[in-house]
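K.L.:
One structure is given below, represented as structure tokens, and several questions about it will come after.
What follows draws every value from the coordinates through simple rules; no lab data is involved. Predicted model, so just to flag it, every value in this text is computed and none were measured. Here the Cβ is made from the backbone with ideal geometry for all residues, glycine too, and neighbour counts use every protein chain on show.
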């Protein structure tokens with residue numbers, strides 16, 4: 001914690017994307033934390049209920065370094081079938097006045113084959129989630145092909161697989177949350193999972209990651225598809241297109257997804273609505289966790305697990321132990 005306080009002014013003096021890369025490299029120097037507070041969910045044993053959200057380590061190149069922070073699970077990606085550079089820079093913006101970030105990375109990654117080579121090099125053996133998506137140049141009507149290919153490739157290496165249909169930074173992606181599109185996608189991936197389960201001798205949980213900008217009327221149909229296709233978990237939520245809470249601040253007009261403190265209430269509201277609609281499904285709370293109190297609110301709203309990302313940028317690794325402590329105190 002103290003080390004991060006010293007490093008943060010330096011990191012914040014850098015361009016945000018440069019600081020992102022430097023921070024990942026510095027993670028290998030962090031003191032090793034072991035935070036033991038076991039949780040069982042989706043048939044998996046988690047060392048504790050606090051995980052790293054996808055997006056920080058898009059290429060699965062820093063798993064061992066990030067594991068030093070004491071996470072109960074780590075999610076890497078989003079990975080796509082083929083390598084892609086993502087959107088042009090600049091594409092990452094801090095709004096420190098509100099402890100927020102806007103990003104429009106656009107699934108920049110090394111592609112699934114190189115990604116899996118990185119996973120294979122990691123020594124950490126905790127719960128590893130792999131977050132999958134579609135290539136930007138794949139037409140949305142053929143998106144299912146990309147998801148199925150990624151599922152087939154990552155299946156053996158993943159503790160669970162997250163289906164990311166909620167990033168605002170790939171054109172057309174969020175349309176996959178609509179009822180008919182979602183039904184087709186989950187139906188196909190569920191069938192593929194059955195075949196892969198027989199082939200590999202293990203059933204890997206599937207998790208759906210959804211947006212915080214859903215209308216209340218969207219939630220029942222999403223919940224019904226999740227239940228119908230035996231999807232094991234749901235992450236509520238991804239980043240937001242809303243600018244509520246940051247309007248008129250520097251960078252607030254940038255395109256991309258907003259994360260951090262301003263989306264906390266929006267994400268928690270969606271979490272609560274799915275908690276009422278999906279009894280028995282593992283819910284993972286994400287969005288606006290910058291303190292143990294924020295994590296406690298997610299747990300109290302139905303989350304079995306939580307994930308952090310932007311909170312790490314503003315609070316550092318100490319946030320992980322603070323959130324684990326909040327769970328222990330429940």
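K.L.:
What number in nm² do you get for the range 204-330 if you take the convex hull of its Cα atoms and divide its surface by four?
P.N.:
8.4
K.L.:
Additional query: Quick check: Cα centre of the range 115-149 to Cα centre of the range 163-218, how many Å?
P.N.:
One Cα centre to the other: 13 Å.
K.L.:
Here's a follow-up. If R₀ is 35 angstrom, what is the calculated FRET efficiency for the pair residue 247 and residue 26, using the beta carbon separation as r and rounding to 0.05?
P.N.:
That gives a FRET efficiency of 0.60.
K.L.:
Percent relative contact order of the range 189-314, based on C-alpha pairs within less than 8 angstrom and at least six residues apart?
P.N.:
Relative contact order comes out at 22 percent.
K.L.:
For the chain, what is the largest minus smallest coordinate of the Cα atoms on each principal axis, given in angstrom and ordered from greatest to least?
P.N.:
Result for the chain: principal-axis Cα extents of 50, 42, 39 Å.
K.L.:
Can you sort 323, 150 from fewest to most other Cβ atoms within 10 Å of each residue's own Cβ?
P.N.:
150, 323
K.L.:
Whole-Å semi-axes of the range 1-63's equivalent ellipsoid, largest first, each the root of 5 times a Cα gyration tensor eigenvalue?
P.N.:
27, 15, 9
K.L.:
Taking the chain as a Gaussian network, where each spring joins two C-alpha atoms under 10 Å apart, which residue of 97, 45, 244 fluctuates the most?
P.N.:
Largest GNM mean-square fluctuation: 97.
K.L.:
Moving on. Between 174, 193, 142, which gets the highest mean-square fluctuation from a Gaussian network model of the chain, Cα cutoff 10 Å?
P.N.:
Result: 142 has the largest fluctuation of those listed.
K.L.:
Let a ≥ b ≥ c be the square roots of the eigenvalues of the Cα gyration tensor of the range 257-330; is it rounded (a/c under 1.5), or, if not, prolate (a/b larger than b/c) or oblate?
P.N.:
Oblate, since a/c reaches 1.5 and b/c is not below a/b.
K.L.:
Please work out, to two decimal places, the log10 of the ratio I(q)/I(0) at q = 0.11, 0.22 Å⁻¹ from a Debye calculation in which every Cα of the range 133-266 carries one identical scatterer.
P.N.:
Computed log10 I(q)/I(0) values: -0.43, -1.34.
K.L.:
Of 39, 22, 308, how do they rank once you tally other Cβ atoms within 10 Å and put the fewest first?
P.N.:
22, 39, 308
K.L.:
Still on this model: Just rank 180, 232, 145, fewest to most, by other beta-carbon atoms within 10 angstrom.
P.N.:
180, 145, 232
K.L.:
Next question. Which whole-number percent of Cα pairs in the range 1-114 have a distance greater than 25 Å? Don't jump to the answer; show the numbers that get you there.
P.N.:
On the way: 1941 of 6441 pairs.
Of all Cα-Cα pairs in the range 1-114, 30 percent lie more than 25 Å apart.
K.L.:
Note down the relative contact order for the range 2-328 as a percent, whole number, built from C-alpha pairs under 8 angstrom at least six residues apart.
P.N.:
Once divided by the residue count of the range 2-328, the mean separation gives 17 percent.
K.L.:
Antiparallel versus total DSSP beta bridges in the chain: what percent is that, nearest 5?
P.N.:
Antiparallel bridges: around 30 percent, rounded to the nearest 5.
K.L.:
Using only alpha carbon pairs under 8 Å that are at least six residues apart, calculate the relative contact order of the range 100-234 and give it in whole percent.
P.N.:
It rounds to 24 percent for the range 100-234.
K.L.:
Per residue of the chain, what 222 nm ellipticity follows from adding -39500 (n - 2.57) for every DSSP H run with n ≥ 4, rounded to the nearest 500? Each step should come with its number before you reach the end.
P.N.:
On the way: 11 runs with 121 residues, N = 330.
The helix contribution divided over the chain gives -11000 deg cm²/dmol.
K.L.:
Cut-off 10 angstrom, C-alpha nodes, Gaussian network model of the chain. Which of 88, 212, 262 fluctuates the most?
P.N.:
Residue with maximal mean-square fluctuation among 88, 212, 262: 88.
K.L.:
Pull out the extension gain between residue 224 and residue 82, defined as 0.36 nm times the separation in residues minus the alpha carbon to alpha carbon distance; nm, one decimal. Walk me through the intermediate numbers first.
P.N.:
Values: separation 142, 0.36 × 142 = 51.12 nm, distance 3.16 nm.
Gain on stretching residue 224 to residue 82: 48.0 nm.
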